[in-house]
Structure formats: C-alpha cells, structure tokens
Amino acid sequence: MSVVQGMGEKNGIRTKEERLSVMIDTYQSLVFSVCYKVTGDYFSAEDLAQETFLSAYKNLDTFEGTNEKAWLCRIATNKSIDYLRNAGRRAVPTEDIFFEQQTESRGSPEEICLEEEVKERLLAYCNQLKPPYDEIARAVYYEEKKAEEIARERGGNIKTVQTQIYRARNMLRKLYGKERSA
C-alpha cells in the first residue's frame, strides 16, 4: 500500500485534495507548456495553468475518465483559447498609435471642432425658419435623414416632404447669403 493510499483512501478513492496534489505534481509542466504554446505569453501561461488546476479541482467529482492527462490538456487548451478571445477586450491602449488612429478615423481635432461649429450654426439657421420648414430642415441637414424617412415618421406624403425640403433649402440659402454679405 502506498503512502497516498494509506492517508485517506476509501475503497480505492483518494480525497479530492490528494488527487489534485498528485495531478499538479505529475502534470504541472505539461499544463504550463500547453498554455504557453497557445498564448505565447509566459506570465499569462502561469496564470492559466493555475486556472486549469482550479477548474479541474472544481470538476474532479464529475470526472469519471481514466485519462487525467488528456482531460487536463483539454482544460488548459480551452482556458488559453478563451484568454486569447478576450484579450482584445482587455487591452488598454498605452501607445500613441492608438490615439493617432482615433484622430484618423474622426479627423483632426481642428476638423472636428470646425465641423461641430458648422453644425451648430446650421441648427441655429434651421431654428429661424417658420414651421414646418424648421422641422424639415433640422431633419434633413442636421439629423441627416432621407425624405422617405421623414415622410414615414410624420405620416405624410413623400412629394409634400420633398417640396418642403426644396423650400427649406432655398430659405437657408437666403439666410447664409445675408451672413456672407454682412
């Protein structure tokens, strides 16, 4: 009878803690190697190896197979793959490249500021129009909606909305013309 068998074995079954201890002693290097090969990151592989054994411990009662080695390798592989899938969500931007990409997608800070200023001035002009042209101008030029969408929202005729858009555009041109001449 071995030492492990004598310490807590009942009917050939060791305690959960003893089984885990034997698995760690036997497969620790293998599990770490699997995690490291999948992730390519030494420190993450260490953490994932620990998570693998923790998961094995939690599910040890349900494991009925005879091949603990394959079972642990499967857990390690799944943990590593899950880690890689979630890595993009966990990434914290620390490089200037991240911020450069952000300005490229939205434009430079000056362009963004200018665009917002133009949109605010446009909204002010739209609000100067008489109803229903003020609402139509806001919807088309500020909210960037199509005539069909506006007609659907208002429950009106598409031709009526198109005519109102045409008239609102002419009214806005006059207001912009007054500003330029002043």
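The values are calculated or read from the model by the stated rules, or taken from the named source; none is laboratory data. Just so it is clear, the model here is predicted, and its values are computed rather than measured. Cβ: placed from backbone, ideal geometry, glycine included. Neighbour counts: every protein chain shown. All accessible areas refer to the heavy atoms of the entire protein, side chains included, with ligands and DNA or RNA removed. Shrake-Rupley method; radii C 1.70, N 1.55, O 1.52, S 1.80 Å.
Listed here are the residues, each with its yes/no results for (1) modelled with pLDDT under 90; (2) open to solvent by less than 100 Å² (accessible area, probe 1.4 Å).
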residue	(1), (2)
Lys79	no, yes
Tyr83	no, yes
Glu104	yes, no
Gly107	yes, yes
Ile112	yes, yes
Leu122	yes, yes
Glu144	yes, no
Asn170	no, yes
Arg180	yes, no
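Across the range 37-65, what is the total count of residues that are under 10 Å from Ala76 (Cα atoms) and not hydrophobic (A, V, I, L, M, F, W, C)? Going through the range 37-65 one residue at a time, the tally reaches 4. Note on the range 48-77: residues that are at pLDDT 90 or above and within 16 Å of Phe32 (Cα to Cα) total 18.
For first residues located in the range 122-138 and within 12 Å of Met171 (Cα to Cα) and without any contact (Cβ under 8 Å) to a residue 40 or more places away in the chain, partners that are assigned to a helix (DSSP H, G or I) and charged (D, E, K, R) and lie 6+ apart or on another chain with Cβ distances below 7 Å form the pairs Asn127/Asp134; Tyr133/Arg167.
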